[in-house]
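Data block below; observations after.
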Amino acid sequence: MLGVSSLGLLGAVACAPPAQPAAGESPKAAAEDAAVDCKGSFGKTPAPDGRYHMTSFGCWVDEAGNHHGDPGDNCVPACLADAQASICSGLGGKACEETVAWYAADAARFGCMARLLVTNPATGAQVVVVALDKGPSCKLERGANHALLDLSVPASKHLFGEVKGYKEKALVTVEVVPAETPLGPVVAPPATAAGTGGAGGAGGANGAGGSE
């Protein structure tokens, strides 16, 4: 993954516990500070309140079969080796992203191949994605003053009907879900990593949504 425009085993990852406010600091301020406490190349701590502003990245194929690239990304995800051992067997980076379709770039926070339930709280629309890459960069998060989540274009369009950039402050919430949760738009609330919730969501339209 290249450029600032553009994200282990699932059982080992889970959302971090809420940050404790310092003396005299409000809980809201503590959460905001933790959300942008990004050091190094990528953020490694999940936002305490699970809330992110989303951006879009990666290579994808539209419903007409047209292939689309990303001028800010090389379409070689950081978790490609992990993906090639499961959902992207025999595929290169671009083909992997196009085939999976429902992916995110937040592996530094959640771990490569973690499955994430992403929700648009304004509409209730939900999608399950796999952490396939790392990003966005700490530089971008500090500039936005908010934790960010990079999503594939199909995921962005499902949640918001269009591609979104971080300056639009498109709010989503993120939860870790079990590794067997199918990828793609959700038709019923999937179980979370804590074991709550209902049945798993529907698989992606390209058939990559099945369990590994």
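Here residue 163 clears all of (1) at pLDDT 85 or above; (2) within 22 Å of residue 78 (Cβ to Cβ); (3) surrounded by 19 or more Cβ atoms within 10 Å (Cβ to Cβ) except the condition numbered (3).
Against the numbered list (1) in a loop (DSSP other than H, G, I, E, B); (2) at pLDDT 95 or above, residue 72 comes up short only at (2). Any idea which of (1) under 19 Å from residue 77 (Cα atoms); (2) in contact with an Asp or Glu (Cβ under 9 Å, 6 or more places away or on another chain); (3) polar (S, T, N, Q); (4) surrounded by fewer than 21 Cβ atoms within 10 Å (Cβ to Cβ) is the one residue 152 doesn't satisfy? Here residue 152 meets the rest and fails (4). Considering the conditions (1) modelled with pLDDT under 90; (2) surrounded by fewer than 20 Cβ atoms within 10 Å (Cβ to Cβ), residue 193 is excluded by exactly one of them, (2). Restricted to the stretch 97-141, the set of strands (runs of 3 or more DSSP E) holding at least 3 residues that are at pLDDT 95 or above and either in contact with a Leu (Cβ under 8 Å, 6 or more places away or on another chain) or under 22 Å from residue 38 (Cα atoms) (or both) comprises 115-119, 126-133. Of note, residue 90 satisfies the criterion of being at pLDDT 95 or above, surrounded by fewer than 22 Cβ atoms within 10 Å (Cβ to Cβ) and part of a loop (DSSP other than H, G, I, E, B). If you check residue 179 against the conditions, is it among the aliphatic types (A, V, I, L, M), touching a Gly at 6+ places or on another chain (Cβ under 9 Å) and crowded, with 19+ Cβ neighbours inside 10 Å? No: the conditions fail for residue 179.
The values are calculated or read from the model by the stated rules, or taken from the named source; none is laboratory data. In this text, all values refer to a predicted model and were calculated from it rather than measured experimentally. So basically every Cβ, Gly included, is an ideal-geometry build from the backbone, and we count neighbours across all protein chains shown.
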